[in-house]
Amino acid sequence: MRTQTKEIQDNLTPKCAHDILVQGNKRFAENLKAQRNLKDQVFETSKGQFPFAVILSCIDSRVPAELVFDQGIGDIFSVRVAGNVVNKDVLGSMEYACKVAGSKILVVMGHTKCGAVTAACKNVKLGNVTTLLEKIKPAVDAIRKNDDELTAEQIEEVSFENVNVSIDRIRKESPILAEMEENGEIEIVGASYDVNTGLVEFH
Ligand SMILES: [Zn+2]
């Protein structure tokens with residue numbers, strides 16, 4: 001598997017970038033990891049990086065973006081925060097990845113059995129966690145129909161909706177990324193990872 005270069009990155013369309021992620025996840029789920037010499041990739045990327053994707057995902061230990069998409073050193077920008085929520089620093093990181101460093105696809109990836117989403121559904125209060133969970137509340141409110149506790153199935157719906165909320169916020173709060181998407185320079189897309197199967201489903 002080749003290391004990302006400026007030339008490869010320049011010639012990549014957002015659609016190609018999307019396909020690379022789909023193929024990578026397929027390899028991961030089938031346990032057919034591509035051959036890479038990570039040590040060589042460290043050397044090859046030491047003078048510059050040209051990642052093709054930026055992925056906002058959860059801190060969950062079961063969902064490391066590089067592994068679940070079978071990517072190597074220098075391939076993706078990985079932004080991770082519990083519940084894959086958006087704030088100004090996250091937006092800044094994504095603007096840097098796309099506008100300055102040339103990434104072609106921006107993925108917001110939620111996952112099943114997310115502790116942060118579950119905690120938001122259960123209205124957990126704990127130090128700074130409380131502030132973080134507030135950002136998931138719009139997704140909880142979109143799914144909650146009454147005062148009953150949400151079922152496991154509804155919590156997964158919140159997780160899916162939470163990805164959409166993050167995507168909406170990216171488009172609304174980052175004119176830079178919204179314009180790049182409008183111009184076809186990048187794709188902005190949601191995805192969900194299933195911790196049971198290892199498969200990513202794009203929304
Ligand atoms: Zn999570």
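Here are the numbers for the structure shown:
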read-out: Test for Asn123: is it at pLDDT below 95, open to solvent by 70 Å² or more (accessible area, probe 1.4 Å), of a type outside the set (Val, Ile, Thr) and more than 15 Å from the ligand (Cβ to nearest atom); value: no
read-out: Where Tyr96 falls short, out of the listed (1) free of Cβ contacts under 8 Å to residues at least 60 places away in the same chain; (2) among the aromatic types (Phe, Trp, Tyr); (3) buried (at least 24 other Cβ atoms within 10 Å of the Cβ); value: (3)
read-out: Selection from the stretch 76-93 of residues that are within 14 Å of the ligand (Cβ to nearest atom) and either surrounded by fewer than 16 Cβ atoms within 10 Å (Cβ to Cβ) or among the β-branched types (Val, Ile, Thr) (or both); value: Val79, Val81, Val85
read-out: Flag for Val108 being within 12 Å of the ligand (Cβ to nearest atom), within 24 Å of Lys172 (Cβ to Cβ) and crowded, with 18+ Cβ neighbours inside 10 Å; value: no
read-out: Some residue of the stretch 130-139 being β-branched (Val, Ile, Thr), surrounded by fewer than 16 Cβ atoms within 10 Å (Cβ to Cβ) and on the phi < 0 side of the Ramachandran plot; value: yes
read-out: Only one of Asp168, Asp148 that is open to solvent by 10 Å² or more (accessible area, probe 1.4 Å), closer than 19 Å to Ile55 by Cβ and without any contact (Cβ under 8 Å) to a residue 40 or more places away in the chain; value: Asp168
read-out: Options Lys26, Lys113, Lys39; residue that is in contact (Cβ under 8 Å) with a residue 40 or more places away in the chain and surrounded by fewer than 18 Cβ atoms within 10 Å (Cβ to Cβ); value: Lys113
read-out: Leu56 being surrounded by 15 or more Cβ atoms within 10 Å (Cβ to Cβ) and away from the ligand (no atom under 16 Å from the Cβ); value: no
read-out: Filtered residue count, the stretch 59-75, keeping only those that are within 16 Å of the ligand (Cβ to nearest atom), surrounded by fewer than 20 Cβ atoms within 10 Å (Cβ to Cβ) and part of a helix (DSSP H, G or I); value: 1
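Conditions (1) out of contact with any Asp or Glu (no Cβ under 6 Å at 6 or more places or on another chain); (2) under 29 Å from Glu156 (Cα atoms), marked per residue:
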position: Thr3; (1), (2): no, no
position: Arg27; (1), (2): no, yes
position: Leu56; (1), (2): yes, yes
position: Arg80; (1), (2): yes, yes
position: Tyr96; (1), (2): yes, no
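To keep it simple, each residue is scored yes or no on (1) touching a Gly at 6+ places or on another chain (Cβ under 8 Å); (2) open to solvent by 30 Å² or more (accessible area, probe 1.4 Å).
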{"position": "Val117", "(1), (2)": "yes, no"}
{"position": "Glu156", "(1), (2)": "no, yes"}
{"position": "Glu182", "(1), (2)": "no, yes"}
{"position": "Glu185", "(1), (2)": "no, yes"}
{"position": "Ile188", "(1), (2)": "no, no"}
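The values are calculated or read from the model by the stated rules, or taken from the named source; none is laboratory data. Note that the coordinates shown come from a computational prediction; the quantities given were computed from them, not determined experimentally. Heads up, the Cβs are rebuilt from the backbone with ideal geometry, glycines too, and the neighbour counts pull from every protein chain shown. Note: areas computed on protein heavy atoms with side chains; ligands, DNA, RNA excluded. Shrake-Rupley method; radii C 1.70, N 1.55, O 1.52, S 1.80 Å.
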